[in-house]
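Working notes, beginning with the structure itself.
The values are calculated or read from the model by the stated rules, or taken from the named source; none is laboratory data. From a predicted model like this one, the values you see are computed outputs, not experimental measurements. Don't worry about glycine lacking a Cβ; one is built from the backbone with ideal geometry, like all the others, and counts go over all protein chains shown. Surface areas here come from the heavy atoms of the whole protein model, side chains and all, with no ligands, DNA or RNA. Shrake-Rupley method; radii C 1.70, N 1.55, O 1.52, S 1.80 Å.
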Amino acid sequence: MTVLGIESSCDETAAAVVRDGDVVLASVVYSQVPLHQPYGGVVPEIASRSHVEKVRGIVEQAVRDAFPGDPDPWARIDAVAATCGPGLAAALLVGWTFAKGLALALGKPLLPVNHMHAHLWSVRLDRPDLRDAALWPQLGLAVSGGHTCFVASPEPNVFRLLGQTIDDAAGEAFDKAAKLLGLGYPGGPAIDRAARTVPEAQRRAIAFPQGRVAPDHPLPDGLDPALCVSFSGLKTALLTYVRKHPPQNEADVAQLCASYQEAIVDVLARRVDLALGQGNYRSVAVGGGVSLNGRLREALEAVAARHGARFLTAKPCYCGDNAAMIAGLASAGGALPDDDPLARDIDPSLPV
Ligand code: KG4
Ligand code: ZN
């Protein structure tokens, strides 16, 4: 099955064509990062307008790229998939509504996709070698600028939320720290780079809180507080530290970055360790922009190895928001079940 996927949940307008789950025929991503950079974060109104401007051209390019020289590439598409949540309402609306119109015009099925499920699928893209691998039960970690969640998949296309952040997402924690330290937006890559200049023995020189969630903290759906995380205390601790000890030079900033990053990595790795100890997982799949972080990859790979689970991350081009993960998951039968998708609305807080 060949699916055209469309993604517009945040600040990337993306379209891709994927066959049978993992064969990426084309993937086009237009990043709005430069538009939001002056504001230090995503401005929903700007995101929405930019999606409107770009979506048609990006979709047309993906379809052309997928079938070069074909006079009627649209005929090769079996279905149109798009992100219907979670994400920014005004941004989601553009891609989802465009997909509705396109599916109607082409007379092809419309497939709604959960953005978080797709991030977890991203590890499978361009990896046909994994088709026959024993990967389930799988533990998923989706870490991005908007989300941090731990997900159990007993079998393919079944997702059960185990834990999540109760405040900021991991990417937000990176972005807010970078803003505070004057490192620009997005902050994750800048902090990752600065932290690399600090020798390993000194990476934890400054102690940051461990992101624990109180056992009596009210949580949705009876989630386990031990598998939930909080990043807001970390951010406040950084602010307090910087006020008391303003960094004097680049080395001081790098030291702060390294210690702060170690804290985020520890927070995530401990939860993955705990979750792996609670189930019989055969693999760990990590997706989302923050999964590009070098230290996080190292730490999670070590935790997975300790539990005898295979560690899977996406290719760098599929870590951030993209549409190949949307089309890929949908073409593998992982779209949300829906008898009347044309009547479906977006859901900015669509649960896992
Ligand atoms: O998945 P993504 O592109 O978009 C969202 O759905 O949010 O993730 C973007 C986030 C940003 O917060 C960015 O700072 C973070 O991913 N990020 C990183 C790294 N590269 C991107 N965080 C830590 N280390 C990195 N190397
Ligand atoms: Zn995302």
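Remarks
- Residue in region 140-153 that is within 21 Å of GLY21 (Cα to Cα) and either surrounded by fewer than 16 Cβ atoms within 10 Å (Cβ to Cβ) or outside the structural domain of ARG310 (by TED's automatic domain parsing) (or both) present: no
- Residues satisfying the stated conditions in region 301-352, i.e. among the charged types (D, E, K, R) and touching an Asp or Glu at 6+ places or on another chain (Cβ under 8 Å): ARG306, LYS315, ASP321, ARG344
- Count - residues of region 123-141 that are within 16 Å of ligand 1 (Cβ to nearest atom) and assigned to a helix (DSSP H, G or I): 1
- Any hit, region 185-198, residues being assigned to a helix (DSSP H, G or I), over 30 Å from GLY333 (Cα atoms), of a type in the set (D, E, K, R) and open to solvent by less than 20 Å² (accessible area, probe 1.4 Å): yes
- Within region 142-185, tally of residues that are within 14 Å of the chain's Cα centre (by Cα), within 13 Å of ligand 1 (Cβ to nearest atom) and over 20 Å from GLY233 (Cβ atoms): 2
- Failed criterion for ALA47 (all others in (1) within 15 Å of ligand 1 (Cβ to nearest atom); (2) open to solvent by 40 Å² or more (accessible area, probe 1.4 Å); (3) aliphatic (A, V, I, L, M) hold): (2)
- Of all residues in region 73-85, those that are open to solvent by 20 Å² or more (accessible area, probe 1.4 Å) and in a helix (DSSP H, G or I) total 3.
- Residue count, region 148-166 (criterion: within 16 Å of ligand 2 (Cβ to nearest atom) and touching a helix residue (DSSP H, G or I) at 6+ places or on another chain (Cβ under 6 Å)): 3
Results for (1) in a helix (DSSP H, G or I); (2) touching a helix residue (DSSP H, G or I) at 6+ places or on another chain (Cβ under 8 Å); (3) without any contact (Cβ under 8 Å) to a residue 60 or more places away in the chain, shown as yes or no for each residue.
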site: SER27; (1), (2), (3): no, yes, no
site: LYS54; (1), (2), (3): yes, no, yes
site: PRO71; (1), (2), (3): no, no, yes
site: GLY87; (1), (2), (3): no, yes, no
site: LEU102; (1), (2), (3): yes, yes, no
site: ALA105; (1), (2), (3): yes, no, yes
site: ALA118; (1), (2), (3): yes, yes, no
site: TRP121; (1), (2), (3): yes, yes, no
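- Whichever residue in region 1-25 is in a loop (DSSP other than H, G, I, E, B), open to solvent by 10 Å² or more (accessible area, probe 1.4 Å) and not acidic (Asp, Glu) and, among such residues, is farthest from ligand 1 (Cβ to nearest atom): MET1
- Region 236-352 holds helices (runs of 4 or more DSSP H) entirely within its bounds, and those carrying 3 or more residues that are surrounded by 16 or more Cβ atoms within 10 Å (Cβ to Cβ) and without any contact (Cβ under 8 Å) to a residue 60 or more places away in the chain map to 250-278, 294-306.
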